[in-house]
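A.B. asks: Structure provided below as structure tokens; questions to follow.
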Amino acid sequence: MAPPTWQITDFGDSALLAKAVGSGPEHCWQAVQRLADALEPDDRVIDLVATYDSLLVEFDCDEVTHTELTEAVHRTIAAQPTTPAPLRSRAFRIPVVFGGSCGPDLPAVAEELGITEQDVVDALCSREFPVRFLGAPAGAPMLDGTPFAQPIGRCAQPRVAVEPGSVALSGHQAVIYPVRSPGGWRLIGRTPLKLVDIADEPYVPYQPGDRFRFVPIDADHWSDCAAQIVEVVDA
Amino acid sequence: MPEELQVRQAGIAAITDLGRRGLARRGVPVNGAADQYSAAVANILVGNPRSAPLIEITATGFALSTTRPVLVSVTGAPAEVTINDRLGRMWEPLCLEPGTTIRVAAPTGGLRCYLAVHGTIDAPTVSGSCAPDSLLGVGTQLATGATVGLRSDYRPVDHPVFRHPLFCLGAAPPRFPDPCTIDVTDGPDIAEFPTGRELLASATYAVTPRSNHIGLRLAGPMPPRLSSAEVLSRGIPVGAVEVPPSEELLVLQRGRPVTAGYPVIAVATKIAQDALGQLRPGQHLRFRYRTVADAVAMHRARQHRLRTLANRVCTVFAALGISCRTA
């Protein structure tokens with residue numbers, strides 16, 4: 001497939017948005033992540049946010065102009081290899097207690113999809129999910145490609161507090177809440193593992209390109225791995 | 001030699017700085033002082049680096065006592081400042097003698113005051129910043145009776161005539177009108193709102209009580225959108241004016257989630273973001289359109305004024321034998 005082309009637009013007085021177009025979603029996402037890797041924050045670039053098909057570049061407009069930075073981004077794009085190596089991808093195994101108090105929305109999600117709760121769990125555990133990017137709150141792994149025909153709706157009323165480790169679905173996406181926070185996605189399970197450790201650098205051990213596999217566990221086995229940090233199982 | 005300041009009345013106060021930069025790609029927002037300009041000036045006025053830890057006081061009164069001589073400054077929203085029983089000036093350095101209590105009354109016409117102290121305030125940092133982040137569970141909220149550790153080499157200076165040193169360094173306080181004018185540039189999705197620019201420029205919006213450090217919610221006319229297509233999640237800067245399907249505009253603040261999926265009609269300028277950080281529920285605002293070039297020019301001019309102020313402070317402090325680290 002042809003590599004994406006880029007549309008770079010101003011996003012206020014201190015940011016640019018670089019959007020990858022004209023290629024498949026997988027290619028655009030990989031190109032966006034690679035561009036972010038190549039741009040690493042420095043004195044001029046303050047922050048980067050790389051998602052599916054776009055990269056937000058925040059900069060100090062006292063140090064560099066929009067034009068200078070746009071040209072610098074284009075130069076970085078031009079310097080990318082034409083046949084880039086695949087993104088580094090490591091596998092993580094995530095034990096999850098599905099349903100019950102850990103996943104209060106599982107029955108409603110199953111009903112919405114017209115299948116049993118066990119079918120939902122089996123489908124989710126039958127494949128790996130790529131980490132597309134780290135989002136809010138606190139480095140949440142944004143996973144996508146849920147194996148259901150129809151998108152899953154959000155909660156009519158977002159919850160004020162979702163427990164850390166909660167596994168949630170929305171649309172064709174999945175996420176694990178790393179910390180206690182408000183949330184509007186549908187909760188189907190919860191992992192006893194700890195995702196974020198602010199005493200560590202980086203706070204979370206996974207990165208875009210890694211793969212998550214959910215493994216169902218019995219609530220009785222919660223304490224076996226409670227509060228352990230998520231670990232790579234296959235580099 | 002570390003010493004301690006005593007918090008006599010905390011209200012809602014926390015130790016903060018200019019924020020936690022460079023972690024947005026890892027899903028961590030910048031946070032830090034809501035009014036970056038006032039925080040930077042407070043630090044410059046006591047000879048500190050702009051990004052030094054300082055105290056952010058939100059909507060309430062605050063009082064601090066010292067048993068050693070300290071040099072402090074108070075900036076931000078207009079508030080009555082008293083040193084024991086005498087009035088103190090905001091936006092200038094204030095010399096406190098041992099046994100003094102400085103009180104900052106609840107602000108009028110804005111939301112947040114900043115109190116900086118010459119030297120280094122002790123505060124645990126995460127990734128180089130002490131800024132509170134409620135989701136990461138980090139930050140130092142101050143409680144009445146708490147102590148604040150301070151390392152400072154400040155020695156008292158004395159005015160030969162007036163006894164009390166009086167500074168006149170000329171820092172420029174921002175204005176806090178109601179309604180407040182918020183400068184914006186076009187957002188990336190302006191084309192989806194054919195009447196959006198005219199509507200935003202002519203309407204008055206009210207800050208609703210559900211506003212916080214993540215986002216301000218604004219009640220007022222909602223611009224009609226041509227498309228109903230979902231926007232794929234993408235990185236969104238602080239200051240983005242989002243148009244969600246609900247009845248309120250959402251203006252993102254420094255604690256924002258780093259990605260969002262609502263169309264962005266406009267983006268508040270760097271300077272306007274500080275004004276947004278001072279708006280309280282019930283206050284009104286109007287939008288005014290600027291070009292990106294104008295917004296950049298205004299930001300650069302203000303940064304130049306800050307550098308000039310920092311140089312002036314260092315010149316004066318050098319003459320008085322006060323150490324200065326504003327460079």
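A.B. asks: Only four residue types carry charge here, +1 at the Cβ of Lys and Arg and -1 at the Cβ of Asp and Glu. Report the dipole size of the range A:133-235 about the Cα centre in Debye, rounded to the nearest 20. Present the calculation step by step, with values, prior to reporting the outcome.
C.D. replies: Details: 8 positive and 11 negative charges, 114 e Å.
Rounded to the nearest 20 debye, it is 540 debye.
A.B. asks: For the range B:227-251 and the range B:138-200, write down the distance between their C-alpha centroids in whole Å.
C.D. replies: The range B:227-251 and the range B:138-200 have Cα centres separated by 27 Å.
A.B. asks: Given the options A:Val167, B:Gly215, B:Leu232, identify the residue whose Cα lies farthest towards the positive end of the charge dipole of the protein assembly as shown (+1 on Cβ of Lys, Arg; -1 on Cβ of Asp, Glu).
C.D. replies: Comparing the listed Cα positions along the dipole, B:Gly215 ranks first.
A.B. asks: Continuing with the same structure: How far apart, in nanometres, would the label points at A:Gln80 and A:Ser223 be if each is projected 7 angstrom from Cα along the Cα-to-Cβ direction?
C.D. replies: With each label placed 7 Å out from Cα toward Cβ, I get 5.0 nm.
A.B. asks: Let me ask something additional. Could you give the angle, 0 to 90 degrees to the nearest 10, between helix B:292-320's Cα long axis and the longest principal axis of the Cα atoms of chain B?
C.D. replies: Once rounded, one gets 0 degrees.
A.B. asks: Follow-up. For the protein assembly as shown, what proportion of DSSP beta bridges, expressed in % and rounded to the nearest 5, is antiparallel? Don't skip to the end; give the middle numbers.
C.D. replies: Working: 103 of 115 bridges.
Approximately 90 percent, going by the DSSP bridge assignments.
A.B. asks: While we're looking at this one, here's another question. Semi-axes of the equivalent ellipsoid for the range B:260-327, please: Cα gyration tensor eigenvalues, times 5, square-rooted, ordered largest first, whole Å.
C.D. replies: Numbers: eigenvalues 241, 49, 23 Å².
Its equivalent ellipsoid spans semi-axes of 35, 16, 11 Å.
A.B. asks: Looking only at other chains, what is the average number of their beta-carbon atoms within 10 angstrom of each beta-carbon in B:254-264?
C.D. replies: Details: counts 0, 1, 1, 6, 12, 12, 3, 2, 0, 0, 3.
Across B:254-264, the average partner-chain Cβ count within 10 Å equals 4.
A.B. asks: Let me ask another. Using the Cα centre as the reference, give the magnitude of the dipole from point charges on the C-beta atoms of the protein assembly as shown (Lys, Arg: +1; Asp, Glu: -1; all else neutral), rounded to the nearest 20 debye.
C.D. replies: Values: 50 positive and 58 negative charges, 305 e Å.
Charge dipole of the protein assembly as shown: 1460 debye, to the nearest 20.
A.B. asks: Pairwise over distinct Cα atoms, reciprocal of the mean inverse distance: report the Kirkwood radius of the protein assembly as shown in Å, one decimal place. Could the numbers behind the result be given before it?
C.D. replies: Details: mean 1/r = 0.0396 Å⁻¹.
It works out to 25.3 Å.
A.B. asks: Given axes a ≥ b ≥ c from the Cα gyration tensor, I'd like to know whether the range B:193-241 is rounded (a/c under 1.5), prolate (a/b larger than b/c) or oblate. Write down the numbers at each step before the final one.
C.D. replies: Numbers: a/c = 2.00, a/b = 1.06, b/c = 1.89.
Note, shape of the range B:193-241 comes out oblate.
A.B. asks: Please report Rg (one decimal) and Dmax (integer) in Å for the Cα set of the range A:91-232.
C.D. replies: Calculated on Cα positions, Rg and Dmax stand at 13.9, 44 Å.
A.B. asks: Here is a further query. Just for the Cα atoms in the range A:71-174, what are the lengths along the principal axes, largest first, rounded to whole Å?
C.D. replies: 51, 31, 25
A.B. asks: OK, next. Using the basic label-point model (7 angstrom from Cα toward the beta carbon), what is the A:Glu112 to B:Ala219 distance in nanometres?
C.D. replies: 3.0
A.B. asks: Considering Cα pairs under 8 angstrom that are at least six residues apart, work out the relative contact order of chain B and quote it in whole percent. Working shown, then result.
C.D. replies: Numbers: 806 pairs, mean separation 68.5, N = 327.
Computed over chain B, the figure is 21 percent.
Quick note: the coordinates plus some simple rules give every number you see, no bench work behind them. None of the values given here were measured: they were computed from a predicted structure. Note that each Cβ is placed from the backbone with ideal geometry, even for glycine, and that neighbours are counted across all protein chains shown.
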